[in-house]
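S.K.: My questions all concern the structure below.
The values are calculated or read from the model by the stated rules, or taken from the named source; none is laboratory data. Everything numeric here is computed off the predicted structure, so don't read it as measured data. Cβ coordinates were reconstructed from backbone atoms using ideal geometry, including for glycine residues, and neighbour counts include every protein chain displayed.
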Amino acid sequence: MSSLLVFPGQGAQRPGMLQAVPADVLEQASDALGEDVRTLDSAEALANTRAVQLCLLIAGVAHARQLQHTPDYVAGLSIGAYPAAVIADALDFSDAIKLVSLRGELMQNAYPQGYGMTAIIGPELSTVENLLAEIHSPETPVYLANINADNQTVIAGSDQAMKCVADRVKGNGIAKRLAVSVPSHCALLDQPAQALAQAFGTLKTPRITYLSSTRARPIHTPEQLRDDLAFNMCRVVDWRGTVQSAYERGVRLQIELPPGAVLTGLSRRVFEQGTVIAFEGARLDTLQALLQEEERRHR
């Protein structure tokens, strides 16, 4: 049996989320960024995509380090892929800070207003895809962005197009606008992804197996990892497939890093046998003991 650390994406953020982060991590992040990262987690600052993504990276890395035991797998949803790559020892934390800062700026500047993401809860994937095909046009762009679970998808596009989808879903499901101000995981971000790819420096071979949330399978080489990290902003996230892939590979312990517990909820159906737990709300020594036990079994 094996263990998996998962890192959430945008929408999980909340004001004050860096307050529990150790000072040494905040100092390292501030040095790499050239500004005090403690100013990034206010409600006002978190209205900006760049601040959100930096906070998720910092919080994810800091809390994963506190676990002190090495997992067998890591995976992250969207921006969560960056702390996953850091914990896999494939991407330097300081380099990740600089890349994520640029990533957030590129995404925010591409669509400063009038776009975003909406979760669709209830209808099956095929129903959502048919709706998107009917509504999508150059004037009302809307795309499938995430496959989160059997009955939960996320769409991305213009406000107008997403409202059309939401109106059509009424009575058969729930459409919930997410706290994301850019249309991630679709073709609208092709150009920002190309620009980000040019900024990557040296990556290493992951020391811990890294699961791509867009391919739903392991990635083993620095070249594959660069492609995955740079272009995940414009590719559909298959989180359902990623979690299923981990389970089929023997993972029976999943720990979700802060903030929140959204990914924990999404995984419960897949992990019929095993343990799915969020860092927040659990005792640190309990999480460490769970990882240590999986390490012992895996030897």
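For every residue, the table says whether it meets (1) out of contact with any Ser or Thr (no Cβ under 8 Å at 6 or more places or on another chain); (2) closer than 21 Å to Asp150 by Cβ.
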position	(1), (2)
Asp238	no, yes
Thr242	no, yes
Glu248	yes, yes
Gln273	yes, yes
Ala282	yes, no
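S.K.: Could you please find all residues in the stretch 226-251 being touching a residue at least 40 places away in the same chain (Cβ under 8 Å), over 29 Å from Leu106 (Cβ atoms) and not in a loop (DSSP other than H, G, I, E, B)?
M.R.: Ala246, Val251
S.K.: In the stretch 19-56, which residue that is hydroxyl-bearing (Ser, Thr, Tyr) and surrounded by 14 or more Cβ atoms within 10 Å (Cβ to Cβ) is nearest to Leu284 (Cα to Cα)?
M.R.: Only one residue fits best here, namely Ser30.
S.K.: Taking Ala59, is it over 18 Å from Tyr210 (Cα atoms) and crowded, with 24+ Cβ neighbours inside 10 Å?
M.R.: Judged against the criteria, Ala59 is a match.
S.K.: Is there any pair linking a residue in the stretch 171-185 that is farther than 12 Å from Ile120 by Cα to one that is of a type in the set (Phe, Trp, Tyr) and outside any loop (DSSP other than H, G, I, E, B), with Cβ under 8 Å and at least six apart or on different chains, and which?
M.R.: Listed by first residue and then by second, the contacts come to Ser181/Tyr115; Val182/Tyr115; Pro183/Tyr115; Pro183/Tyr143; His185/Tyr143.
S.K.: Based on what the data block shows, is Ile79 aliphatic (A, V, I, L, M), touching a Lys or Arg at 6+ places or on another chain (Cβ under 8 Å), assigned by TED's automatic domain parsing to the domain that holds Val37 and buried (at least 19 other Cβ atoms within 10 Å of the Cβ)?
M.R.: So Ile79 passes the test.
S.K.: Right, here's the next one. Looking at the stretch 99-207, what helices (runs of 4 or more DSSP H) fall wholly within it and have at least 2 residues that are in contact with a strand residue (DSSP E or B) (Cβ under 8 Å, 6 or more places away or on another chain)?
M.R.: The qualifying helices (runs of 4 or more DSSP H) are 125-135, 159-169.
Results for (1) under 22 Å from Leu211 (Cα atoms); (2) surrounded by fewer than 19 Cβ atoms within 10 Å (Cβ to Cβ); (3) free of Cβ contacts under 8 Å to residues at least 24 places away in the same chain, shown as yes or no for each residue.
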{"position": "Leu99", "(1), (2), (3)": "yes, no, no"}
{"position": "Glu105", "(1), (2), (3)": "no, yes, no"}
{"position": "Tyr111", "(1), (2), (3)": "no, no, no"}
{"position": "Ile120", "(1), (2), (3)": "no, no, no"}
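Let's see how each residue does on (1) touching a Phe, Trp or Tyr at 6+ places or on another chain (Cβ under 7 Å); (2) among the charged types (D, E, K, R); (3) modelled with pLDDT under 95:
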site	(1), (2), (3)
Glu44	no, yes, no
Ala51	no, no, no
Gln68	no, no, yes
Tyr73	no, no, no
Val86	yes, no, no
Lys98	no, yes, no
Thr118	no, no, no
Ala133	no, no, no
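S.K.: State all residues of the stretch 252-268 that are within 19 Å of the chain's Cα centre (by Cα) and touching a residue at least 40 places away in the same chain (Cβ under 8 Å); if no residue qualifies, say none.
M.R.: Those that are within 19 Å of the chain's Cα centre (by Cα) and touching a residue at least 40 places away in the same chain (Cβ under 8 Å): Leu253, Gln254, Ile255, Glu256, Leu257, Pro258, Pro259, Gly260, Val262, Leu263, Leu266, Ser267.
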